[in-house]
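In what follows, a single structure is set out as structure tokens and then discussed.
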Amino acid sequence: MEYSPPPLFKQGASARAKAVICTLLALALLIADSRIHALLILRQAVGTALYPLQMVALMPRDAANKVVDYFSTLSTVEKENQALRSQQGARAQQLQQAQQLAAENAQLRKLLGAQERLQVKSVMSEILYDARDQFARKVIMDRGSQQGVATGQPVIDDAGIVGQVTRVFPFTSEVTLLTDKDQAIPVQVLRNGLRSVAYGRGQSGYLDLRFMSSNADIQKGDLLVTSGIDGVYPAGLAVAKVIQVESKSTDAFAHIVCEPVAGIDRHTQLLILLVDPNPVARPDDEPAVANNKADILSKRRLTESTRDKKEAAKEAAKDGSEAARKSPQEAGAR
């Protein structure tokens, strides 16, 4: 038995007719929109009205994407930071090495310039290490007797005197620095030619001008150079600069402190001057040597004569005592 609604409840067209009508309406709207753009304003109005709903619907997706992007970006930034730090460390080390090489290059250029200015033969050397004695100011160089280095030769840098060779080995040598407490060097004031001797002060790194009278013509800032009277250090090489002068009327000598002009504690490349450490005696020294020999001979002769006189006196006293002993015996016999 077929069931159908009562005629009272039947409304409109059938479902098939509705589908056909909707299809035709949709095709008409598509053709109108594509041909004459009649629905552009309508589309914009509908899109504007539906935009808030669209954003609300997309909020969960955007939140999830932002969370994923945050953690992935954080991980990427950490990795990039670590890479940049390691790269920065490597670049800093390279920069330090480049600066050190540039400083050594500049120092070597200065030494070459000083080597060309000097009139004596020299050899370039490098400091290997400090001496083991912590109370002495000594360094070990990488040049020895095989390169012509000998005891007593001066060592300089581009600014002035650094020290003197004190021990020599086949391939190394020991240099006593100018500031060592047992080191002394003849100097003169460049301003007026006043001569003196500078002594090292040890660990302080300064020099003393000892036994200078209180009224000596020496001022703060005076430059001291080698005098050359010792025959070892070439004359005119810079040694030190006067930094302190104390003169008291109650003291016989002035207290003068000097600072070396050479880079004693800064440079590792130095020049060793290959001068003769045992110069030939000067003509004016020969009469003094002859006089010394004559004085020694005269003293020796005087000593021998005095000894002979003492021995003769002892023998005479001995003979007198024997004669005195014999005379009573002869008297008793008579």
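A few notes on this one:
- Test: Arg109 is under 30 Å from Leu271 (Cβ atoms) and in the same structural domain as Gln153 (by the TED database): no
- Condition check for Leu53: of a type outside the set (Gly, Ala, Ser), in a helix (DSSP H, G or I) and surrounded by 10 or more Cβ atoms within 10 Å (Cβ to Cβ): no
- Filtered residues of region 94-150 (kept if among the basic types (Lys, Arg) and in contact with a strand residue (DSSP E or B) (Cβ under 8 Å, 6 or more places away or on another chain)): Lys121, Arg137, Lys138, Arg143
- Region 236-277, subset in a loop (DSSP other than H, G, I, E, B) and of a type in the set (D, E, K, R), residue most open to solvent (accessible area, probe 1.4 Å): Arg266
- Residue that is of a type in the set (D, E, K, R) and modelled with pLDDT of 90 or more, where the choices are Arg201, Arg167: Arg167
- All positions within region 172-185 that are open to solvent by 40 Å² or more (accessible area, probe 1.4 Å) and touching a Ser or Thr at 6+ places or on another chain (Cβ under 6 Å): none
- Residues in region 167-185 that are assigned to a loop (DSSP other than H, G, I, E, B) and polar (S, T, N, Q): Thr172, Thr179, Gln183.
- Residue within region 124-147 that is at pLDDT below 90, among the hydroxyl-bearing types (Ser, Thr, Tyr), open to solvent by less than 40 Å² (accessible area, probe 1.4 Å) and closer than 23 Å to Val261 by Cα present: yes
- Odd one out for Gln188 among (1) surrounded by 19 or more Cβ atoms within 10 Å (Cβ to Cβ); (2) among the polar types (S, T, N, Q); (3) not in a strand (DSSP E or B): (3)
- Of the candidates Ser86, Ser125, Ser72, the single residue that is small (Gly, Ala, Ser) and in contact (Cβ under 8 Å) with a residue 40 or more places away in the chain is Ser125.
- Within region 191-220, the set of residues being under 22 Å from the mean Cα position of the chain (by Cα), without any contact (Cβ under 8 Å) to a residue 60 or more places away in the chain and in a loop (DSSP other than H, G, I, E, B) comprises Arg201, Tyr206.
The values are calculated or read from the model by the stated rules, or taken from the named source; none is laboratory data. What you see is a predicted model; the values in this text were computed from it and never measured. So basically every Cβ, Gly included, is an ideal-geometry build from the backbone, and we count neighbours across all protein chains shown. Areas reflect the complete protein model, heavy atoms only, side chains present, ligands, DNA and RNA absent. Shrake-Rupley method; radii C 1.70, N 1.55, O 1.52, S 1.80 Å.
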